[in-house]
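One structure is given here, and the rest of the page talks about it.
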Amino acid sequence: EAQVTQNPRYLITVTGKKLTVTCSQNMNHEYMSWYRQDPGLGLRQIYYSMNVEVTDKGDVPEGYKVSRKEKRNFPLILESPSPNQTSLYFCASSLGPNPHANYGYTFGSGTRLTVV
Amino acid sequence: QKEVEQDPGPLSVPEGAIVSLNCTYSNSAFQYFMWYRQYSRKGPELLMYTYSSGNKEDGRFTAQVDKSSKYISLFIRDSQPSDSATYLCAMSPNAGNNRKLIWGLGTSLAVNP
C-alpha cells in the first residue's frame, strides 16, 4: 500500500530533550515536506526537500532541523523542544517536478507532540 | 488579509443534501487548486486537483475554479455521514522548486443521518 509512515503517533516530552520524528514513504517520491497544524493557524510548512541531500526552509523553520540522506526518509529533529512547539505534525510527499502532473501531497497520519 | 480565506463553519447538513464549500484567494498567480479532506486524528487526503480554471467532476464531488472572481468551490452531492470531516482548500502559483501550497484553515462539515 502506498503510504507515508510517521512515528511516533503521540509523544509527550520535556523542554530541552532532543527528539526525532521519523517519516518514511514507499512511493519513490522526490519531494517531501513537514507541516505543523495549529488551531486558527492551519497548516504551516516547516521544511521541505526536493531530493536527496536537498533541503530548504519553509515558513516556520525555527527550532527544527531535517535531513534527507535517503530518498524514502525525511526525519524531523527538534534539538531543544520548547512548549510553543506543541502541535500536530504532518509529513507529506509528492511526485517530482512536472507542472502538469497531479502533484497533490500524500500525508502521513500525524504526530501529536506535547512539550511540557 | 490572508492569501486564502475559508469559512471555518461548522456546517451541519442532513444526509442527502448538496453541500457547497468555498474558498476565496487574493493572489492572481495561483494556477493549481486542490481540495483535501481531513478526518479527525488523520492526515489530509487529496480529493480533487484542478489546474487553472473550469470544472472537474469525480463521483459525487465537483470542483469549480473561477479565476476571474478568485473563487473556488467544492460541491458534494447526496452527502453521506461518511463525508463528515474538515475540508481544506490549497493552492499554488506554479510547480516550481518548492511545491509550496497555500492552505485555507478548513471548513468543518457534519452530515447528520
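Any idea how far the Cα center of the range A:23-73 sits from the one of the range B:51-113, in Å?
Cα centroid of the range A:23-73 versus Cα centroid of the range B:51-113: 23 Å apart.
Just flag the chymotrypsin sites (Phe, Trp or Tyr not before Pro) in the range B:1-100 sitting in loop per DSSP whose Cβ has no more than 14 other Cβ atoms within 10 Å.
Details: sites: B:Tyr25, B:Phe30, B:Tyr32, B:Phe33, B:Trp35, B:Tyr36, B:Tyr39, B:Tyr49, B:Tyr51, B:Phe61, B:Tyr71, B:Phe75, B:Tyr87; in loops: B:Phe30, B:Tyr39.
Here the chymotrypsin sites (Phe, Trp or Tyr not before Pro) that fit, given the DSSP loop and packing criteria, are B:Tyr39.
If you take the Cα Rg of chain A and divide it by 2.2 N^0.38 Å, with N the number of residues, what do you get?
On the way: Rg = 13.6 Å, N = 116, 2.2 N^0.38 = 13.4 Å.
So chain A has a normalised radius of gyration of 1.02.
Taking loop as defined by DSSP and a crowding limit of 12 other beta carbons within 10 Å, which trypsin sites (Lys or Arg not before Pro) in the range B:2-88 fit? Intermediate results must be reported in sequence, preceding the final value.
Details: sites: B:Lys2, B:Arg37, B:Arg41, B:Lys42, B:Lys56, B:Arg60, B:Lys67, B:Lys70, B:Arg77; in loops: B:Lys2, B:Arg41, B:Lys42, B:Arg60, B:Lys67, B:Lys70, B:Arg77.
Those satisfying the criteria are B:Arg41.
Pairs of Cα atoms under 8 Å, at least six residues apart: use those to get the relative contact order of chain B, whole percent.
On the way: 275 pairs, mean separation 41.8, N = 113.
That works out to 37 percent.
Quick one: work out the % antiparallel among DSSP beta bridges in chain A, nearest 5. Don't skip to the answer; put the middle values down first.
Details: 33 of 37 bridges.
Bridges in chain A that DSSP calls antiparallel: roughly 90 percent.
Scattering from the C-alpha atoms of the protein assembly as shown alone, worked out with Debye: what is log10 I(q)/I(0) at q = 0.10, 0.17, 0.18 1/Å?
Values returned for q = 0.10, 0.17, 0.18 Å⁻¹ are -0.46, -1.25, -1.36.
Please state the Cα pair-distance histogram of chain B with 10 angstrom bins from zero: what percent is in each bin?
15, 49, 30, 6, 0
Kirkwood hydrodynamic radius for the range A:15-77: how many Å is it when counted over pairs of different Cα atoms? Please list the in-between numbers first.
On the way: mean 1/r = 0.0817 Å⁻¹.
That comes to 12.2 Å for the range A:15-77.
Treating cross-link reach as a plain straight distance, find the lysines whose alpha-carbon is under 26 Å from the alpha-carbon of A:Lys71, omitting any fewer than eight places away in the same chain.
Here the lysines satisfying the reach criterion relative to A:Lys71 are A:Lys18, A:Lys57, B:Lys42, B:Lys100.
Since every read-out is calculated from the coordinates, none of them should be taken as a lab result. The shown structure was predicted, so the numbers you read here are calculated from the model rather than taken from an experiment. FYI the Cβ positions are ideal-geometry reconstructions off the backbone, even for glycines, and counts take in every protein chain you see.
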